[in-house]
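This report refers to the structure that appears directly beneath it.
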Amino acid sequence: MEHIVIIGNGIAGITAARWIRKLSDHRITVISSESDYFFSRTALMYVYMGHMRWQDILPYDADFYKKNRIELIYNHIQSINFYNKILQATDGASYKYDRLILATGSKSNYFNWEGQELEGVCGLYTKQDLDKIEFLSEGIKSAVIVGGGLIGVELAEMLHSRNIKVVLLARDSAYWSAVLPAEEAALVSRHILEHQIDLRHETGLLKINANENGKVASILTDKGHTIPCEFVGITTGVSPNIDFLRNTPLACDKGILVNNYLETNIPNVYAIGDCVQLREPIKDRKAIEAVWYTGSIMGETLAYTICVEPKPYEQLIWFNSAKFFDIEYQVYGLVPNKIEYPLDTLYWESSSGKKSIRLIFDEDTKIIKGFNLMGFRFRQEVCEQWIRKKTPLENVVANIRLAFFEPEFYSDVAPKLLKIYKLKFGKKTSLRSSGSLNAVLRFFKKN
């Protein structure tokens, strides 16, 4: 029986632990200095907003770990002796391992701004960040958030829920336009502004100013504007949390470099989740993909490799989801922010400007490549099947109701997509599915 030690109790680390237990009798130890138990990171905002309690975002209770013989240690690893297979913690404790899984996650990006160390400055990624924001935002009236992405809008919504006036600085000309196509970026920008968030495009942070007590008093933008505030949220992206692994024998670039089997350059040392940089990502995909489901898949895949037989990690069809206040966002497959040949697109937006559907397809073959959705929830399995099966765009449009979770509420949307299809191609097609549950079941059975 080997002793497998996992550093990190996030989705990647705990998924690996669960599957190693299912597949083996190995001794499993998980070490983390973030929290006692695994929690749902994407739900941190709802704890702050009072929608959920801390215990509500714990997927497993304490008995789960005991029953599955997963030993949890709350400690911070500061160094690793890879030659002797020993982990050294900051409190002087040390831990031996036979195999080591690094699942150290991400950290917030800071860019050496003057004043970023002041009291009143904080990112949003860890439980410690949540605790700190809770403390720092008590009784304040104004805040500035630096960075336009998913975390930035989450933090804006959190602070706004407590009636804190928020200024949101975004470098792009429309919100998150480095990721979203122009129409969706504009849609999100409008929506943020409608929620009384002072969104300022093409504006960055130059420095953070302190008051006489050393706390945040204001910020200076790169346009020369001074904005008074009591809190500064830093949401300028995340990067692999691997600083303590720099200058060691472990091969790292932006993240820990791994092969297709999630193996590092050191025998019996593996890496999974946000801290990973794939040496050979597939076409049109990134080497670092810091999202929940990739960490989960990596954890399960590695457990199989360790306990059964080598199994390569596969980058499945891209998926991500989030919320921009009350607008739900989903993306499946290939959806670049700039849609250029050989890609083309069909785009529909509601008259309210709060919902949209974008279909991406190959201009030459007319094969579907991706879906970008605002204000709609599509069935993931249906979208993935269409992409995986290289379904012609015409078939997707004609059967689009199969993708809707609640087609009865959107009976007018499918005909509008048909109309856009006809305008673009000069070719009429008709709806071929009602989108009923029986129709969906027949679709799955057929595919």
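The values are calculated or read from the model by the stated rules, or taken from the named source; none is laboratory data. Note that the structure is a prediction, hence the values are computed from the model and not measured. Note: ideal-geometry Cβ built from the backbone for every residue, glycine included; neighbour counts use all protein chains shown. These area figures cover heavy atoms from the full protein model, side chains too; ligands, DNA and RNA do not enter into them. Shrake-Rupley method; radii C 1.70, N 1.55, O 1.52, S 1.80 Å.
Evaluate the following for T15: is it at pLDDT 95 or above and assigned to a strand (DSSP E or B)? Spelling it out, it is not the case that T15 is at pLDDT 95 or above and assigned to a strand (DSSP E or B).
Output the residue which, of all residues in region 240-252 that are part of a loop (DSSP other than H, G, I, E, B) and free of Cβ contacts under 8 Å to residues at least 60 places away in the same chain, is least open to solvent (accessible area, probe 1.4 Å). Only one residue tops the list, namely A251. So for region 220-231 (the condition being hydrophobic (A, V, I, L, M, F, W, C) and under 30 Å from P281 (Cα atoms)), does at least one residue qualify? Taking every residue of region 220-231 in turn, none turns out to be hydrophobic (A, V, I, L, M, F, W, C) and under 30 Å from P281 (Cα atoms). The residues in region 192-212 that are over 28 Å from F325 (Cβ atoms) and without any contact (Cβ under 8 Å) to a residue 24 or more places away in the chain can be counted, and the count is 2.
When each of G233, G237, G255 is tested for being in contact (Cβ under 8 Å) with a residue 60 or more places away in the chain, small (G, A, S) and open to solvent by less than 10 Å² (accessible area, probe 1.4 Å), the lone residue that passes is G233. Picking from residues in region 280-295 that are in contact with an Asp or Glu (Cβ under 9 Å, 6 or more places away or on another chain) and not aliphatic (A, V, I, L, M), the one that is farthest from I80 (Cα to Cα) is P281. Where residues in region 113-164 are part of a helix (DSSP H, G or I) and over 22 Å from F325 (Cβ atoms), which of them is least open to solvent (accessible area, probe 1.4 Å)? Among those residues, the one meeting the criterion is L136.
Being on the phi < 0 side of the Ramachandran plot and touching a strand residue (DSSP E or B) at 6+ places or on another chain (Cβ under 6 Å) is a property that N438 lacks. Please determine whether any residue of region 417-428 is of a type in the set (A, V, I, L, M, F, W, C) and within 19 Å of V331 (Cα to Cα). The answer is yes, given that some residue of region 417-428 is of a type in the set (A, V, I, L, M, F, W, C) and within 19 Å of V331 (Cα to Cα). The set of residues in region 347-394 that are among the aromatic types (F, W, Y) and in a helix (DSSP H, G or I) contains only W386.
Of the listed requirements (1) closer than 27 Å to L155 by Cα; (2) surrounded by fewer than 16 Cβ atoms within 10 Å (Cβ to Cβ), T365 misses just one: (1).
Checking each residue in region 151-165 for being within 23 Å of the chain's Cα centre (by Cα), hydrophobic (A, V, I, L, M, F, W, C) and farther than 13 Å from E194 by Cβ picks out I151, L155, M158, L159.
Taking the criterion of being open to solvent by 20 Å² or more (accessible area, probe 1.4 Å) and closer than 20 Å to T126 by Cβ, the only residue of region 294-317 that qualifies is S296.
For D61, which of the numbered conditions (1) out of contact with any Cys (no Cβ under 7 Å at 6 or more places or on another chain); (2) within 27 Å of C252 (Cα to Cα); (3) open to solvent by 10 Å² or more (accessible area, probe 1.4 Å) fails to hold? Going through (1) out of contact with any Cys (no Cβ under 7 Å at 6 or more places or on another chain); (2) within 27 Å of C252 (Cα to Cα); (3) open to solvent by 10 Å² or more (accessible area, probe 1.4 Å) one by one, D61 breaks only (2). Annotation: of all residues in region 264-285 being in contact (Cβ under 8 Å) with a residue 40 or more places away in the chain and part of a strand (DSSP E or B), the one that is farthest from the chain's Cα centre (by Cα) is V269. Here G92 fulfils each of the conditions (1) in a strand (DSSP E or B); (2) free of Cβ contacts under 8 Å to residues at least 24 places away in the same chain apart from (1).
One residue stands out among those in region 258-293 that are polar (S, T, N, Q) and open to solvent by less than 40 Å² (accessible area, probe 1.4 Å): the one that is nearest to N241 (Cα to Cα), which is Q277.
Restricting V440, V382 to those that are in contact (Cβ under 8 Å) with a residue 24 or more places away in the chain, more than 23 Å from E349 (Cβ to Cβ) and surrounded by 15 or more Cβ atoms within 10 Å (Cβ to Cβ) reduces the list to V440.
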